[in-house]
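Engineer: Have a look at the structure that comes next, please.
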Amino acid sequence: MIILAFFKKKKEAPINRIIPEHIAIIMDGNGRWAKNRSLPRTAGHAAGSKKFKEIARYCNKIGVKHLTVYAFSTENWRRPKEEVDAIMNIFRDYLRDSANFKSENIKLEFIGDRSGMPDDIVQLMAQAEYDSKDATGLKCYMAINYGGRDELVHAVRDIVKEGICAENITEDTISSHIYTKHYPDPELIIRPSGEYRLSNFLIWQSAYSEFWFSNILWPDFSTEDLEQAIDDYNKRNRRFGGV
Ligand code: IPE
Ligand code: IPE
Ligand code: MG
């Protein structure tokens, strides 16, 4: 018996479980994670950035096709300048280092309003997108200076500029003018940190998403938590208004 228990295999995922094509994550709780350790909030953001890389790699490994992560919202500029500056520096470090993603066959793209970002970061973003453009694995979209309402405002402006007649505007018109026009809506949205809200994330795209909330703070989020979220997703009954 003891020998059997020793060799007991790790719990395996059910063979026919569905891996969502598109998972979106609100990477929240960095500040509280740092506070719990008597560290500055910036240490929490650094830990959160490390966690993002780990989870993106894991998503690539298990065959998730699209991953969208909320890294900085249009409202996060309201934070103290020192914190915003520190977050921008973490982006700089991360983007300079993003060649690693390319070597792992992960394609990196950014959604959000780049015009509000520092010029050097905009350049680094474009470079990271260019460097990884041929990757065929996970497509990873980082939402930086992103707001769902802001996204819709930009979409409406573009639709008006294109002169599309009011009666020709459909849901597809909106979907094809938002940042996420080239990929499917997320089936699963994960929000750790104990908050039960979207905070302006993917408000159009989440109309029929399944939500998974947890009290875990983002830097503590593990691949087991992701597996749990996917298992729970598999138990959901998605009806899309039908029966
Ligand atoms: C998320 O963590 C990161 C950003 C919003 C940039 P927070 O910094 O919001 O962490 P909490 O919510 O204060 O713990
Ligand atoms: C959402 O977290 C934004 C990101 C994780 C980037 P916030 O911490 O900004 O959200 P609120 O303020 O608690 O709603
Ligand atoms: Mg927060």
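The values are calculated or read from the model by the stated rules, or taken from the named source; none is laboratory data. Just so we're clear, the structure is a prediction, and the values are computed from it rather than from any experiment. Note that each Cβ is placed from the backbone with ideal geometry, even for glycine, and that neighbours are counted across all protein chains shown. Keep in mind that these areas ignore ligands, DNA and RNA; they rest on the heavy atoms of the full protein, side chains included. Shrake-Rupley method; radii C 1.70, N 1.55, O 1.52, S 1.80 Å.
Engineer: Given R₀ = 35 Å, FRET efficiency for residue 153-residue 38 by Cβ-Cβ distance, to 0.05? If you can, show how the numbers build up before the last one.
Structural biologist: On the way: r = 41 Å, r/R0 = 1.16.
Computed FRET efficiency for residue 153 and residue 38: 0.30.
Engineer: What part of the accessible area of the stretch 38-136, given as a whole %, is carbon or sulfur when the probe is 1.4 angstrom? Each step should come with its number before you reach the end.
Structural biologist: Working: 2470 of 5020 Å².
Answer for the stretch 38-136 is 49 percent, counting heavy atoms of protein chains only.
Engineer: Next up: Net charge near residue 44: determine it from the other residues with C-beta under 12 Å of the C-beta of residue 44, scoring Lys and Arg +1 and Asp and Glu -1.
Structural biologist: Details: positive: 32, 35, 37, 41, 50, 51; negative: 28, 83, 220.
Net charge around residue 44: +3.
Engineer: For the ranges 153-159, 50-56, 167-173, what's the packing order if you count other beta-carbon atoms within 10 Å of each residue, average per peptide, and put the highest first? Show your work: numbers first, answer last.
Structural biologist: Working: 153-159: 14.6, 50-56: 18.6, 167-173: 9.9.
Listed from highest to lowest mean packing, they are 50-56, 153-159, 167-173.
Engineer: Further question on the same structure: Any idea what Rg and Dmax come out to for the chain if you just take the C-alpha atoms, in Å?
Structural biologist: Gyration radius and largest Cα-Cα distance of the chain: 19.2, 74 Å.
Engineer: Next question. Picking from 38, 206, 49, which is most flexible by a Gaussian network model of the chain using Cα springs under 10 Å?
Structural biologist: Between 38, 206, 49, it is 38 that shows the largest mean-square fluctuation.
Engineer: Using modelled backbone amide H atoms (1.01 Å from N, in-plane), which distant-in-sequence or interchain residues come within less than 5 Å of residue 108's amide H?
Structural biologist: When sequence neighbours closer than 5 places are left aside, the close amide H contacts are 132, 140.
Engineer: When the helix-only estimate is applied to the chain (DSSP H runs of n ≥ 4, each -39,500 (n - 2.57), divided by the residue count), what is the mean residue ellipticity at 222 nm, nearest 500 deg cm²/dmol?
Structural biologist: Values: 9 runs with 99 residues, N = 243.
Helix-only estimate at 222 nm: -12500 deg cm²/dmol.
Engineer: Per residue, how much accessible surface does the chain expose to a 1.4 Å probe? Answer in Å², no decimals.
Structural biologist: Working: 13540 Å² over 243 residues.
In whole numbers, the chain has 56 Å² accessible per residue.
Engineer: With a cap of 12 neighbouring Cβ atoms within 10 Å, and only residues DSSP puts in a loop, list the chymotrypsin sites (Phe, Trp or Tyr not before Pro) found in the stretch 144-243.
Structural biologist: 196, 208, 240
Engineer: Quick one: net charge of residue 200's neighbours, Cβ under 14 Å, K/R +1, D/E -1?
Structural biologist: On the way: positive: 78, 149, 191, 197; negative: 28, 75, 113, 150, 151, 195.
Cβ neighbours under 14 Å give a net charge of -2.
Engineer: Another one. So what is the relative contact order of the stretch 45-151, in percent, for Cα pairs below 8 Å that sit 6 or more residues apart?
Structural biologist: Values: 140 pairs, mean separation 44.2, N = 107.
Reported relative contact order: 41 percent.
Engineer: Any idea what the relative contact order of the chain is, in percent, if you count C-alpha pairs under 8 Å spaced at least 6 apart? Write down the numbers at each step before the final one.
Structural biologist: On the way: 346 pairs, mean separation 64.5, N = 243.
Dividing the mean separation by the residue count of the chain yields 27 percent.
Engineer: First select every other residue whose beta carbon is under 15 angstrom from the beta carbon of residue 133; then total the charges, Lys and Arg +1, Asp and Glu -1. Walk me through the intermediate numbers first.
Structural biologist: Numbers: positive: 102, 107, 139; negative: 104, 109, 129, 131, 134.
Neighbour charge sum, excluding residue 133 itself: -2.
Engineer: Note down, for the stretch 162-237, the three equivalent ellipsoid semi-axes (square root of 5 times each alpha carbon gyration tensor eigenvalue), biggest first, whole angstrom. Mind dumping the intermediate values first?
Structural biologist: Numbers: eigenvalues 200, 35, 21 Å².
Equivalent ellipsoid of the stretch 162-237: 32, 13, 10 Å, largest first.
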